[in-house]
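The values are calculated or read from the model by the stated rules, or taken from the named source; none is laboratory data. The shown structure was predicted, so the numbers you read here are calculated from the model rather than taken from an experiment. Ideal geometry is used to build each Cβ from the backbone, glycine not excepted, and the neighbour counts take in all protein chains shown. Surface areas here come from the heavy atoms of the whole protein model, side chains and all, with no ligands, DNA or RNA. Shrake-Rupley method; radii C 1.70, N 1.55, O 1.52, S 1.80 Å.
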Amino acid sequence: LTKIRVKKLKKGMNVGDQLPMKESFGNIGKYVEKKLAQTYQHNNGKGVDLPIENIEVKTRKEEGKSYQSIATMTVDEIISTPYENSVIHDKFQRQYRVKYKDETSIVTEERIYDFSDPFIQGKIKEAYEAGREKITDGNRADWIYGTSYGCFEETKKNSNSYTFRVSSGAMKKIEEMSKDNFNKFFDFDN
């Protein structure tokens, strides 16, 4: 059975779209997800945001420098879950990434990135497993370094959980790797 992979969301955001607000506490991400939910089945739970397309949705200010959150897991989940079975793995396969200018709130890029390449997955797995080992060994620091490709940060709302995060620089490298590999096998309309 062959799985069809969506290359573009026809009813997604468009470059040049004006977002109706300035970014504040994740409201842009919520807005984009709400817009997509008008057309696509949307998941608010632990899995990927668009389960039928198997795509996670992420928004980002072009000028953003902070670490990017991938997903949150409890300490018990992290300890008992190898990377391949984790929500981090699921959310780090294919992402619909919407970028926008902070000053103007205008969309500057919307693209599906395929991060399923074994090299990319190896980098994320290595970071996850390095952080997981520290958590398993009893480390409960606010910030637990995995590798330069990812770390765990304590979730402020619940000190029994951590968010897996990727630095802005590492994400740019991953996006470039994805474009290089993805373009070898698929045509893009843009």
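Things to note:
- Subset of the stretch 122-160 that is modelled with pLDDT of 95 or more and of a type in the set (S, T, N, Q) - its residue that is surrounded by the most Cβ atoms within 10 Å (Cβ to Cβ): Thr147
- Taken together, the residues in the stretch 88-117 that are in a strand (DSSP E or B), β-branched (Val, Ile, Thr) and farther than 19 Å from Asn27 by Cβ amount to 1.
- Among the residues making up the stretch 116-147, those that are over 18 Å from the mean Cα position of the chain (by Cα) and hydrophobic (A, V, I, L, M, F, W, C) are Ala130, Ile135, Ala141, Trp143, Ile144.
- In the set (1) under 24 Å from Glu103 (Cβ atoms); (2) open to solvent by less than 70 Å² (accessible area, probe 1.4 Å), Lys34 fails one condition alone, (2).
- Any hit, the stretch 25-37, residues being of a type in the set (Ser, Thr, Tyr) and either touching a helix residue (DSSP H, G or I) at 6+ places or on another chain (Cβ under 8 Å) or part of a loop (DSSP other than H, G, I, E, B) (or both): no
- Complete set of residues in the stretch 19-30 that are within 17 Å of Arg111 (Cα to Cα) and either open to solvent by 50 Å² or more (accessible area, probe 1.4 Å) or β-branched (Val, Ile, Thr) (or both): Ile28
- Odd one out for Val98 among (1) at pLDDT below 95; (2) in contact with a helix residue (DSSP H, G or I) (Cβ under 6 Å, 6 or more places away or on another chain): (1)
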